[in-house]
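Written below as structure tokens is the structure these notes are about.
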Amino acid sequence: MVSIENEDDLEAWLKDQPDAVAREIATRAALSALPYLASYVAGDPKTRATAIVLPCFRAMAPPWFVGTWPNLGGGDLDAARDAARDAARDAARDAARAAARAAAWAAAGDAARDAAGDAAWAAARAAAWARVQMDANSIDAGYSASDLANEPLMRTRRSKRFDAAWSKLKDMLLGLDEDWHVWTDWYEDRLAGSAVGRRLIPELELDRILVPNFDAPAAEVNATIAALERKYREPAPEPSPDPDTPTTIPDQTPAVIEVTLGDDGLLHRTPPRGLGEGNAGREEVLRQAWQAHRAHLDALMALDPGRNWPALQIALAAYDQAMGTAYDSFRVIELGVHGLRIISLAAPSDEFLMADGAAELQSFAMAHGLHINQFDKWRDYVAKGSGKPPPGAVRAAESFLRQTPDHPEIIAEDITPAAMMIAEAVAPTNQPIANETESTVEAEAINSTGNILAGAAAAYLKDLAGGARSGSIKGVEAGTKLGTQALILLGLKEVSELAGFLPEQFGWIKPAIAAIRAKLGL
């Protein structure tokens with residue numbers, strides 16, 4: 001475990017790191033210091049917001065963007081990436097130092113010269129460097145710079161001083177009536193992390209950082225970004241019907257692929273809902289799934305993994321309340337929202353829990369993802385909240401579906417025709433397509449991809465509960481095969497991209513990979 005307590009420690013560690021890591025450490029350190037500008041801005045909010053706060057936000061947005069989507073390319077984006085990379089190492093050192101000093105300055109206040117002030121200065125400085133050290137340890141543990149960019153900015157409980165400073169700065173900015181919400185919302189998304197914050201839209205974030213004229217007043221810049229937010233986040237108005245245009249019936253769209261594990265150890269396509277067991281039968285399946293998940297949650301809480309980790313303790317308590325004590329009274333949407341928080345905490349759990357405890361939490365995060373996505377109410381909530389799927393997510397789903405014939409060791413042949421049909425339906429085309437039909441097919445491509453991935457992970461979990469735990473050589477070999485094949489699917493580049501674009505639906509992938517690797521002893 002690396003020890004970083006000052007500038008020299010950081011510079012020594014960065015010597016062996018790629019530029020992307022230096023840039024991400026810099027960005028997170030600078031972002032963590034931002035709220036402590038509140039005391040200075042309070043002296044002249046309108047002038048200092050434009051002169052100080054806006055340039056800070058605009059300087060931090062490009063490196064965050066590049067860290068979040070390192071593989072996206074293009075002329076303007078390449079220029080933005082190059083500009084961020086050029087100053088990465090100096091920025092890492094300076095931003096980390098600024099984070100420590102800004103936090104310490106705010107903590108000490110006017111009493112910096114007396115004993116109480118000195119203690120506050122030392123405590124705040126140590127806390128700032130501790131955050132940098134935690135990020136560095138995550139990198140040493142195998143995180144990529146992109147993984148780190150998607151993590152919550154504060155991965156431990158935030159201090160009361162930090163929350164008070166941010167609340168003060170946010171209230172001052174919003175009180176100026178200059179569309180500062182475009183930055184306060186953006187910052188709170190960074191605090192929450194990609195799994196909990198608003199849906200990430202790369203096209204919006206690229207346009208945000210390319211807004212011209214750095215010398216323009218905040219009201220002008222923010223109004224431009226507010227218009228971009230409306231463009232990308234608000235649905236387009238329905239066109240007025242044209243009486244001269246005859247009504248046409250859109251082509252039928254492919255049904256969402258649902259899968260089940262067959263006796264041959266392969267994932268097979270199940271009949272569309274309503275053609276199989278019927279609504280009553282499905283309700284009984286969901287009831288049994290709830291009972292199994294309730295038992296899993298009880299077992300996890302009996303271990304009390306949050307006893308020394310307050311953030312996890314709070315998240316599990318909220319999850320437990322939403323889960324309820326009976327199937328008929330549990331709250332689906334609340335469970336899904338609190339589950340996103342548990343997923344985000346499972347990612348860095350190795351830093352807070354012993355190996356066994358981290359593996360159990362990661363397994364539960366995976367089980368939550370599999371459980372919650374069975375419920376139409378949650379899937380409808382995610383779909384309505386997300387709006388039209390990002391183009392990058394659709395392309396990733398299309399690419400994944402086209403690869404289904406390449407994995408006959410786990411995906412049966414009866415899935416392939418439907419997968420290819422959906423992939424063809426969402427492929428880029430020069431022919432116009434009705435918006436409603438296009439949106440429906442795109443959602444089905446993404447949902448079908450999620451079903452196949454969930455089926456692969458669920459198949460491995462089911463095997464663990466059965467033959468693989470029997471101790472027989474055959475059972476262990478079967479479990480190893482299923483786990484290995486599940487890892488291959490979950491580890492595809494397209495799956496990682498989907499998790500970045502749609503964390504609400506695919507955020508469970510990362511803890512699932514960690515849990516399966518742990519079970520396989522990898």
Legend entry - Residue-wise HN-Hα coupling along region 283-292, computed from phi with Karplus coefficients 6.51, -1.76, 1.60 (Hz; x: Gly, Pro): 4, 5, 4, 5, 5, 5, 5, 4, 4, 5
Legend entry - Set K377/K519; K481/K519; K46/K168 screened for pairs whose C-alpha atoms are more than 21 Å apart: K377/K519
Inset, instruction - With a point put 7 Å past each Cα toward its Cβ, work out how far T484 is from R198 in nm, to one decimal. - result: 4.6 nm
Inset, instruction - Sticking with the crude label model, points 7 Å out along Cα→Cβ, report the distance from A355 to Q291 in nm, one decimal please. - result: 3.6 nm
Inset, instruction - List every residue whose amide H lies under 5 Å from the amide H of V259, counting only residues 5 or more places away in sequence or on a different chain, with H placed 1.01 Å from N in the peptide plane. - result: T270
Inset, instruction - Between the alpha-carbon centers of region 139-180 and region 478-522, tell me the distance in whole angstrom. - result: 28 Å
Inset, instruction - Report the full-extension gain for the segment E234 to K46: residue separation times 0.36 nm, less the Cα-Cα distance, to one decimal in nm. - result: 64.8 nm
Legend entry - Whole-percent carbon and sulfur share, accessible surface of region 337-383, 1.4 Å: 56 percent
Inset, instruction - Please give the contour-minus-distance gain from D414 to R158: 0.36 nm per residue of separation, less the Cα-Cα distance, rounded to one decimal in nm. - result: 87.1 nm
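The values are calculated or read from the model by the stated rules, or taken from the named source; none is laboratory data. Since the model is a prediction, treat every value here as computed from it, not as a measurement. Cβ: placed from backbone, ideal geometry, glycine included. Neighbour counts: every protein chain shown. The accessibility values were calculated without ligands, DNA or RNA, using every heavy atom of the protein model including side chains. Shrake-Rupley method; radii C 1.70, N 1.55, O 1.52, S 1.80 Å.
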